[in-house]
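Peer 1: Below is one structure. I have some questions about it.
The values are calculated or read from the model by the stated rules, or taken from the named source; none is laboratory data. Keep in mind it's a predicted model, so treat the numbers as computed, not measured. Positions of Cβ are backbone-derived with ideal geometry, glycine not excepted, and every protein chain shown enters the neighbour counts. Quick note on the areas: whole protein, heavy atoms, side chains included, nothing else; ligands and nucleic acids left out. Shrake-Rupley method; radii C 1.70, N 1.55, O 1.52, S 1.80 Å.
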Amino acid sequence: MSTNPEMSSAAGVATPGRSGSVAPDSPLLSISGLSIDYLGERTVHAVANVSLQLGRGEIIGLAGESGCGKSTLAYGINQLLVPPAVITEGGVTFHDRSGDDIDVLALEDKELRRYRWNKVSMVFQGAMNSLNPVISVRAQLNDVFATHRPQMSKAERRLRSGELLELVGVDPKRLDSYAHELSGGMRQRVMIAMALALDPELMIMDEPTTALDVVVQRDILLEITRLREELGFAVIFITHDLPLLLEISDRIAIMRHGRIVEMASAEEIFFAAQDPYTRQLLRSFPSLTGERGDFIRHGAQLENEEVR
Amino acid sequence: MATLEVKNLCKDFHVREGGNRRILNAVQDVSFELVPGGTVALVGQSGSGKSTVARMIAHLERPTSGQVLLDGAPAPTRGRGVHKYRSQVQMVFQDPFASLNPFHSVGHHLERPLRLHGVATSKADVHAHVIELLERVQLSPGRDFLARRPHELSGGQRQRVAIARALAPQPSVLIADEPVSMLDVSIRLGVLNLLARLQREEDLAVLYITHDLATARHFSDRIMVMYQGEVVEDGAPDDVILRPQADFTKRLAAAAPEPARNERMIAAASRYAKDTTNDR
């Protein structure tokens, strides 16, 4: 899957073993002991002591059910949390391509704005509905450049906007369209184009294809993996769809109740998952082409399912 | 037990785009039969017309042409007959967060259809039926759920209440429109297994509408694939999934995530061969 030599260091966890715990050679982002609480009558530990290292150009899949803390973790990486969410412990370090280490949680104001979208961009959950309905696609891309690249001339912006849409496979004529004139898949592509606008090193995708049907989803996934190979950014891909993650990720982290219960290469998760919860998740997906009654892994019984 | 037959069903919608009017053929000439104890899966992309078929069967939409026959008799379109038809044909909707009324208790949701369809009349009788319904959908002990409101239930529990409500009038046909797509993955199978068991035990005829080919294959006796309002493929599950004929079915089957046919997984398989035998 990965042809980029830079990537294979992180992705090429070729030898069987507990590769998930092995740190990549060229790290891009290090999360160490991160804990996030939602303060309230009853404090909720949404993320509890999570540590992980993301390699340059690596795709990490973050899987878990609703409420397991996967989105909260992603928001924490971008300092997007607002009270009552508070980071109680731990740190996030971004290893910039210039060689500098950025302490993400210490960033403020101007520096924070420089970090967001420049270094780490995000494709939000329900990106279908996160385009502004009253301004054109062009105006929204212009906003990004006006904020982050004020020195760019109008002509440069126009050129770059067109390039970006072409990159994600949308006709540049669509720059003058409004969100409602685009199909769901096209809107999603435009969102990815916006996330690519500043050539970030990391893209966080929070359930980017959940609202799309499978044919469109497949197109978008192919697009993401192609762009990753071309541009070399890393991806944190958040979803509950484990079969999908198994296909596109280098490594997968399984989250439950705010903790990472298992982290390993996609192959390892698929063939030799260790944690009972991971096995349970794998058992939740019927296999498409296997025997009837067979599941993605560890052929479960159709009957006697625990009621939840 | 009744058989439901759909004959040459068509539905046109009039749509206005700016000043232009055009006719959208949402469903074109769809025919099939639902038999007791059998599940038919209706698969397709969003916008393919599969929900419109369901809504026409459930009398929520009037067909432009074509017929729905219950035990050979055309489905009534007005008067008392409709009420009677509805007690035979029930529907479970996609979103259990929207299909239950937040003001009413679980008990109320189940009492209403029992009384309205004359299944039970006396207070004691209704109560007994409600408890029995809850336990049939594995919400037991039933009395613990009576006073709860939808917000006190998980998504899976809510969908079970919705299924119990559909079972209350003692229907013979159940239309399930994407019954698990809003639920968490680990509870989806539980709900599908429940539907499969009810179908077997009560000899229900089930129409299972989904965009998920894998569950369609595992939970149905026949799969119909819809594309732009038409049925483009129709057959036994294994034929449709493993040996698709229509171009669209091929695309759909190729697009569904399936790690087992991923090159990387195939390449890695031999390395893990020993581990897997241990697991199984």
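Peer 1: Quick one: angle between helix A:184-196 and the longest Cα principal axis of chain A, in degrees between 0 and 90, rounded to 10, please.
Peer 2: It is inclined by approximately 70 degrees.
Peer 1: Further question: I'd like to know which of A:258, A:33, A:107 lies farthest towards the positive end of the charge dipole of chain A, counting +1 on Cβ of Lys and Arg and -1 on Cβ of Asp and Glu.
Peer 2: A:107
Peer 1: Restricting to DSSP H runs of at least four residues, report the calculated mean residue ellipticity at 222 nm for chain A, -39500 (n - 2.57) per run over all residues, nearest 500 deg cm²/dmol. Before the final figure, lay out each step's value.
Peer 2: Working: 10 runs with 101 residues, N = 308.
When only DSSP H runs of four or more count, the value is -9500 deg cm²/dmol.
Peer 1: Let me ask another. Let me confirm one metric for peptide B:81-89, namely the mean number of other chain beta-carbon atoms within 10 Å of its residues' beta-carbons. Walk me through the numbers on the way to the answer.
Peer 2: On the way: counts 0, 0, 0, 0, 0, 0, 0, 0, 0.
Mean partner shielding for this stretch: 0.
Peer 1: Among the lysines, select those whose C-alpha is under 26 Å from the C-alpha of residue A:173, and discard any that sit fewer than 8 residues away in the same chain.
Peer 2: Straight-line reach from residue A:173, under 26 Å: A:154.
Peer 1: Dipole of the protein assembly as shown, Cα-centred, from +1 at each Lys and Arg C-beta and -1 at each Asp and Glu C-beta, to the nearest 20 debye? It would help to have the intermediate numbers written out before the result.
Peer 2: Numbers: 66 positive and 74 negative charges, 309 e Å.
So the magnitude is around 1480 debye.
Peer 1: Also, quick follow-up: For the protein assembly as shown, what Kirkwood radius comes out of the mean inverse Cα-Cα distance, in Å? Each step should come with its number before you reach the end.
Peer 2: Details: mean 1/r = 0.0384 Å⁻¹.
Averaging 1/r across every pair of different Cα atoms and inverting gives 26.1 Å.
Peer 1: Next up: For residue B:148 and residue A:160, FRET efficiency with R0 = 45 Å and r from the beta-carbon atoms, rounded to 0.05?
Peer 2: Numbers: r = 55 Å, r/R0 = 1.22.
Between residue A:160 and residue B:148 the formula returns 0.25.
Peer 1: What size of dipole, in debye to the nearest 20, comes out for chain B about its Cα centre when the only charges are +1 on Lys and Arg C-beta atoms and -1 on Asp and Glu C-beta atoms?
Peer 2: Working: 35 positive and 32 negative charges, 135 e Å.
I would put it at about 660 debye.
Peer 1: Are any of the pairs A:70/B:11; B:84/B:250; B:11/B:250; B:7/B:123; B:11/B:123 more than 32 Å apart by Cα-Cα distance, and if so, which? Before the final figure, lay out the partial values.
Peer 2: Details: A:70/B:11 42 Å; B:84/B:250 41 Å; B:11/B:250 26 Å; B:7/B:123 41 Å; B:11/B:123 43 Å.
Exceeds cut-off: A:70/B:11; B:84/B:250; B:7/B:123; B:11/B:123.
Peer 1: How high is the relative contact order of the stretch B:121-280, in percent, with contacts defined as C-alpha pairs under 8 Å that are six or more residues apart? Don't skip to the answer; put the middle values down first.
Peer 2: Numbers: 130 pairs, mean separation 20.2, N = 160.
Worked out over the stretch B:121-280, it gives 13 percent.
Peer 1: Now for a separate question. Using only the alpha-carbon atoms, how far is helix A:154-167 inclined from the longest principal axis of chain A? Give it as 0 to 90 degrees, nearest 10.
Peer 2: 30
Peer 1: Right, next: Could you order peptides B:164-170, A:104-110, A:182-188 by the average number of other Cβ atoms within 10 Å of their residues, highest first?
Peer 2: Values: B:164-170: 21.4, A:104-110: 12.4, A:182-188: 19.6.
Ranked by mean Cβ neighbours within 10 Å, highest first: B:164-170, A:182-188, A:104-110.
Peer 1: Given DSSP loops and a limit of at most 16 other Cβ atoms within 10 Å, what is the longest stretch of chain B that contains no such chymotrypsin sites (Phe, Trp or Tyr not before Pro)?
Peer 2: Numbers: sites that count: B:97, B:103.
In short, B:104-280.
Peer 1: Along the positive direction of the dipole of chain B (beta-carbon charges: Lys, Arg +1; Asp, Glu -1; about the Cα centre), which of B:232, B:47, B:99 reaches farthest?
Peer 2: B:99
Peer 1: Residues of B:182-193, mean number of Cβ from any other protein chain within 10 Å of their own Cβ, rounded to a whole number? Numbers along the way, then the final one.
Peer 2: Working: counts 0, 2, 8, 13, 12, 6, 4, 9, 5, 3, 3, 6.
Mean shielding by partner chains, rounded to a whole number: 6.
Peer 1: How much FRET efficiency would the formula 1/(1 + (r/R0)^6) give for residue A:152 and residue B:80, where r is the Cβ-Cβ distance and R0 is 51 Å, rounded to 0.05?
Peer 2: Working: r = 71 Å, r/R0 = 1.39.
Computed FRET efficiency for residue A:152 and residue B:80 comes out at 0.10.
Peer 1: For chain B, what does -39500 (n - 2.57) per DSSP helix run (n ≥ 4), summed and divided by total residues, give at 222 nm, in deg cm²/dmol to the nearest 500?
Peer 2: Values: 11 runs with 109 residues, N = 280.
Only helices count here, giving -11500 deg cm²/dmol.
Peer 1: Efficiency by 1/(1 + (r/R0)^6): what FRET value for residue B:62 and residue B:98, r their Cβ-Cβ distance, R0 = 30 Å, to the nearest 0.05?
Peer 2: Numbers: r = 23 Å, r/R0 = 0.77.
About 0.85, to the nearest 0.05.
Peer 1: Can you give the charge dipole size of chain A about its Cα centre, rounded to the nearest 20 debye, using +1 on the beta carbon of Lys and Arg and -1 on the beta carbon of Asp and Glu?
Peer 2: Values: 31 positive and 42 negative charges, 131 e Å.
Dipole about the Cα centre, nearest 20: 620 debye.
Peer 1: To the nearest 100 Å², how much accessible surface do chains A and B cover up together, summed over both, with a 1.4 Å probe?
Peer 2: The buried area between A and B, both sides summed, comes to about 4500 Å².
Peer 1: Any chance you could give the angle, 0 to 90 degrees and rounded to 10, that helix A:214-231 forms with the longest Cα principal axis of chain A?
Peer 2: Tilt relative to chain A: about 70 degrees.
Peer 1: Mind checking the per residue accessible area of chain A for me, 1.4 Å probe, whole number of Å²? Show your work: numbers first, answer last.
Peer 2: On the way: 13050 Å² over 308 residues.
Averaged over the residues of chain A, the accessible area is 42 Å².
Peer 1: What lysines could a cross-link reach from residue A:110, if we take a straight Cα to Cα line under 20 Å and drop same-chain neighbours fewer than 8 places away?
Peer 2: List returned: A:119.
Peer 1: How large a share of the accessible area of the protein assembly as shown, in percent, is made up of carbon and sulfur atoms when the probe is 1.4 Å and the other protein chains stay in place?
Peer 2: Values: 12430 of 25790 Å².
Answer for the protein assembly as shown: carbon and sulfur cover 48 percent of the accessible area.
Peer 1: I'd like to check one number: the per residue accessible area of the stretch B:1-145, probe 1.4 Å, reported in Å² as a whole number. Walk me through the numbers on the way to the answer.
Peer 2: Details: 7650 Å² over 145 residues.
Heavy-atom SASA per residue in the stretch B:1-145 reads 53 Å².
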